[in-house]
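Engineer: Please see the structure below; I have some questions.
The values are calculated or read from the model by the stated rules, or taken from the named source; none is laboratory data. Everything numeric here is computed off the predicted structure, so don't read it as measured data. So basically every Cβ, Gly included, is an ideal-geometry build from the backbone, and we count neighbours across all protein chains shown.
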Amino acid sequence: MDGDRVTISAEDLKALAIRAFVRAGFGQHDADTTAEILITTDLMGISTHGVHRLDQYLKRIDAGVVPAQPDIKVIDKAASIAVVDGGGGQGQVVGARALETAIVKAIKSGIGFVSVGNSNHFGAMAPYGFAATVAGLILVSGTTASPSMMPFGGRDLRLGNNPIGFAAPNKSGAPFLLDMALSVAARGKMRKLRDTGEAMPLGWALDADGQPTTNPQAGLDGFIQFIGGHKGYGMALAVDILSGVLSGGRFLDDVGDMWAEKEPQGVSHFFLAINPAAILEREEYDARMAAFCAKVKSSAPFDAAGEVLLPGEIEYRTMEARRLDGIPLTAELLQSVRTLAGD
């Protein structure tokens, strides 16, 4: 224990999360799946999207807007293509099912594309990418989100801060894991600063009057700013086309708010899995990927004491350390998880 922070093993935290979901009506398999994704997220150090979200997920399940046992339908369209209707279920349950479908198709035919509709918030992108790399696959993925951003040049909230992910296996070291929101900063980071009473950096968001602000709540009530201006805006629209439009699900400002308990969100996702072994011999891919990473890391850092990092290295190192040393949480959050688990 360190001040108001405590440490718990990944296994014990997962067991608590599983019990919480089972108490909410999940089947054992779905409870295990959702808990595994949340704990993997905390292991990676992405604390805004781990068990921190458990309480709100369960509120929406208890309110009846997210069914504990959804009727998920996987509709095959071709050897490499499927569409998934998530049945309004918990996003991690739906996302894991869709990812599994994409992985199976990629292993069999070299590529697997799955567009998903009628789902809910499914957490961070990185755990899905990590799972794909464990299977030896490259993954491009994305998800829609509740409207929080305006079209470039507009002032009405029309689209979500739709994150995009890219993952690639790397036998020589940490897998390549890119998980990025298309704003300067994710809303989860803004909420974290708000909850701790800290100011946010200028440039993250505008307030409701369109003025720059360092107040996280004012930014949450106003307009989050795209990364790269019109470039981030275009990428957010592309994610919505691949997930919301193609799946037949909701898109743009039709997506609901995960912080309300009124209705299913109607979130959409997409997963594009690629099997490198269908393009190169596995040994050749591994060698080329190792050379690729080594060339990037051989660059001399500006700071002599610094290090050139690839996307995913920090998360992978954090995972290794936390598997040994445990996951740090605030005492308040851990008590909340224990309470939800029925302890």
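Engineer: Among the residues of region 85-95, is there at least one that is crowded, with 22+ Cβ neighbours inside 10 Å, among the aliphatic types (A, V, I, L, M) and assigned to a helix (DSSP H, G or I)?
Structural biologist: yes
Engineer: Right, here's the next one. Mind listing whichever residues of region 38-58 are assigned to a helix (DSSP H, G or I) and farther than 22 Å from Ala260 by Cα?
Structural biologist: Ile39, Thr40, Thr41, Asp42, Leu43
Engineer: Residues Asp253, Asp257, Asp209, Asp240: which one is assigned to a loop (DSSP other than H, G, I, E, B), of a type in the set (Asp, Glu), surrounded by 13 or more Cβ atoms within 10 Å (Cβ to Cβ) and in contact (Cβ under 8 Å) with a residue 12 or more places away in the chain?
Structural biologist: Every option except Asp257 fails the conditions.
Engineer: Same structure again: Does Ala31 count as in a strand (DSSP E or B) and either buried (at least 22 other Cβ atoms within 10 Å of the Cβ) or in contact (Cβ under 8 Å) with a residue 24 or more places away in the chain (or both)?
Structural biologist: no
Engineer: Now a separate question. Where residues in region 320-335 are exposed (fewer than 13 other Cβ atoms within 10 Å of the Cβ) and touching a residue at least 24 places away in the same chain (Cβ under 8 Å), which of them is farthest from Lys192 (Cα to Cα)?
Structural biologist: Looking at the filtered set, the residue picked out is Asp325.
Engineer: Within region 295-329, which residues are polar (S, T, N, Q) and in contact with a helix residue (DSSP H, G or I) (Cβ under 9 Å, 6 or more places away or on another chain)?
Structural biologist: Thr318
Engineer: What is the number of the single condition among (1) modelled with pLDDT under 85; (2) under 30 Å from Met289 (Cβ atoms) that Gly153 does not meet?
Structural biologist: The failed condition is (2).
Engineer: Further question: Take the conditions under 16 Å from the mean Cα position of the chain (by Cα) and on the phi > 0 side of the Ramachandran plot and apply them to Gly88. Does it pass?
Structural biologist: no
Engineer: Find the residue count for region 70-84, including only residues that are touching a helix residue (DSSP H, G or I) at 6+ places or on another chain (Cβ under 7 Å) and surrounded by fewer than 19 Cβ atoms within 10 Å (Cβ to Cβ).
Structural biologist: Adding up the residues that qualify gives 3.
Engineer: With a cut-off of at least 3 residues that are within 27 Å of Ala287 (Cβ to Cβ) and under 17 Å from the mean Cα position of the chain (by Cα), name the strands (runs of 3 or more DSSP E) lying wholly within region 97-178.
Structural biologist: Counting at least 3 such residues, we get 138-143, 164-168.
Engineer: Among the candidates Ala174, Ala181, Ala168, single out the residue that is buried (at least 22 other Cβ atoms within 10 Å of the Cβ) and more than 25 Å from Pro216 (Cα to Cα).
Structural biologist: Ala168
Engineer: In region 219-229, is there at least one residue being part of a helix (DSSP H, G or I) and under 21 Å from the mean Cα position of the chain (by Cα)?
Structural biologist: Yes - at least one qualifying residue is present in region 219-229.
Engineer: Residue pairs, Cβ under 7 Å, 6 or more apart or interchain, first in region 128-149 and within 16 Å of Ile274 (Cβ to Cβ), second assigned to a loop (DSSP other than H, G, I, E, B) and of a type in the set (A, V, I, L, M). List them.
Structural biologist: What qualifies is Ser141/Met125.
Engineer: If we only count helices (runs of 4 or more DSSP H) wholly inside region 278-343, which ones have 2 or more residues that are among the aromatic types (Phe, Trp, Tyr)?
Structural biologist: 282-297
Engineer: Based on what the data block shows, is Arg250 touching a helix residue (DSSP H, G or I) at 6+ places or on another chain (Cβ under 8 Å) and among the basic types (Lys, Arg)?
Structural biologist: Yes, satisfied.
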